[in-house]
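**Student:** Before I ask anything, here is the structure I am working with.
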Amino acid sequence: MFDPQELAKTLGSLQEKLKEAQEENKNLTFSAKSGGGLVSITANGEGEVIDISIDDSLLEDKESLQILLMSAFNDISKSVEQNRKNMAMGMLGNLGDFPFKGL
């Protein structure tokens, strides 16, 4: 049977878990390399770029540099998005006792 107090308690617990997960994300780092390591990008779990490394040999080849940067940025974006999906699925998996169960 539906219990509004149980729903409020579950939602409050979910909000706490979300806050904790957001804090943990700030401490996660993801790295991506392209061009065999000529370009390297590091981002935190929120997708903020925190470091970029570019090999000096690319400084004279703008087109190659642009291609390698795009590749590394795309890889970082995929990693961050996959982490978010995994976190969301983990949180949803914890809703097994959600008050609407059985309705």
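The values are calculated or read from the model by the stated rules, or taken from the named source; none is laboratory data. On a predicted model such as this, the values are computed, not experimentally measured, just so you know. A quick note on method: Cβ atoms are made from the backbone with ideal geometry, for glycine too, and the neighbour counts reach across all protein chains shown. Each accessible area value is taken on the protein alone, full model and side chains, heavy atoms only, with ligands, DNA and RNA left out. Shrake-Rupley method; radii C 1.70, N 1.55, O 1.52, S 1.80 Å.
**Student:** Under 9 Å by Cβ, and 6 or more places apart or on different chains, what pairs join a residue from region 36-64 that is closer than 30 Å to residue 24 by Cα with one that is exposed (fewer than 13 other Cβ atoms within 10 Å of the Cβ) and among the basic types (Lys, Arg)?
**Tutor:** Correct list of pairs: 44/26; 45/26; 46/26; 48/26.
**Student:** Among the residues of region 22-41, which ones are among the hydroxyl-bearing types (Ser, Thr, Tyr) and surrounded by 16 or more Cβ atoms within 10 Å (Cβ to Cβ)?
**Tutor:** 34, 40
Quick grid of which residues meet (1) of a type in the set (D, E, K, R); (2) at pLDDT below 95:
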{"site": "31", "(1), (2)": "no, no"}
{"site": "35", "(1), (2)": "no, no"}
{"site": "48", "(1), (2)": "yes, yes"}
{"site": "63", "(1), (2)": "yes, no"}
{"site": "67", "(1), (2)": "no, no"}
{"site": "72", "(1), (2)": "no, no"}
{"site": "75", "(1), (2)": "yes, no"}
{"site": "92", "(1), (2)": "no, yes"}
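**Student:** Could I ask something else about it? Which of the residues that make up region 31-90 are in a strand (DSSP E or B) and either of a type in the set (D, E, K, R) or within 13 Å of the chain's Cα centre (by Cα) (or both)?
**Tutor:** Correct list: 31, 33, 42, 43, 44, 49, 51.
**Student:** For region 50-62, check the following and say yes or no: at least one residue is within 30 Å of residue 90 (Cα to Cα) and out of contact with any Pro (no Cβ under 9 Å at 6 or more places or on another chain).
**Tutor:** yes
**Student:** As an exercise: evaluate residue 19 against (1) over 20 Å from the mean Cα position of the chain (by Cα); (2) of a type outside the set (Asp, Glu); (3) open to solvent by 50 Å² or more (accessible area, probe 1.4 Å) and give the number of the one condition it does not meet.
**Tutor:** Against the list (1) over 20 Å from the mean Cα position of the chain (by Cα); (2) of a type outside the set (Asp, Glu); (3) open to solvent by 50 Å² or more (accessible area, probe 1.4 Å), residue 19 comes up short only on (1).
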